[in-house]
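Contents: one structure, followed by commentary.
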Amino acid sequence: MGTAGERGLDGAGPGPAPGGPFYTLAEVAKRNCSKETWLVIHGRVYDVTGFLSEHPGGEEVLLEQAGRDATENFEDVGHSKDAQDMLKQYLIGEVHPCDRKPDGSKDPNKTPSDETSFWSVWLIPILGALVLGIMYRFYMMDGKSS
């Protein structure tokens, strides 16, 4: 969509100027191989292709997250301040506002089936337990009346 400008999102260093360029999550998702590796961290898009061979954890760690939001994994690892500062040089833009939730975050890995997983994980077992409870109660009541 666009190329990196001369200033980062924080106004200093390489990367785009604040407010753009914007990339959709679909655009980011297409960049998921060793020839072009993009990640989203905290709503910002990073092209880490040139960093693959330098990553201390190995390139496979980055390739596993390529083309999607790696915020949670980035934070879980507990990257140093130096590692966080290093991100600035790979910054190329931001996630398009239309792809963000009201709080500004977005989980591009979430699919519509994730929304329905509540039903299959919680509601169906609860209903099954209720039906079994009712059947047991009727069985016990029937045994007392005989």
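The values are calculated or read from the model by the stated rules, or taken from the named source; none is laboratory data. Everything quoted here is computed from the prediction, not taken from an experiment. Glycine also receives a Cβ, built like all others from the backbone with ideal geometry; neighbour counts cover every protein chain displayed. Areas reflect the complete protein model, heavy atoms only, side chains present, ligands, DNA and RNA absent. Shrake-Rupley method; radii C 1.70, N 1.55, O 1.52, S 1.80 Å.
May I ask you to rank 74, 138 by accessible area, largest first, using a 1.4 Å probe over the protein chains only?
138, 74
Enter the accessible area of residue 52 (Å², nearest 10), with the probe set to 1.4 Å and all protein chains included.
10 Å²
Distance between the C-alpha centers of region 34-62 and region 82-96? Whole Å please.
If we compute the Cα centre of each part, the gap is 10 Å.
Just read off the accessible area of residue 30 with the full protein assembly in place, 1.4 Å probe, to the nearest 10 Å².
150 Å²
Can you pull the one-decimal nm distance between simple spin-label points at residue 134 and residue 80, each 7 Å off the Cα toward Cβ?
Label-label distance for residue 134 and residue 80, simple model: 6.2 nm.
Can you send over the solvent-accessible area of residue 122, 1.4 Å probe, protein chains only, in Å² to the nearest 10?
In the full protein context, residue 122 sits at about 150 Å².
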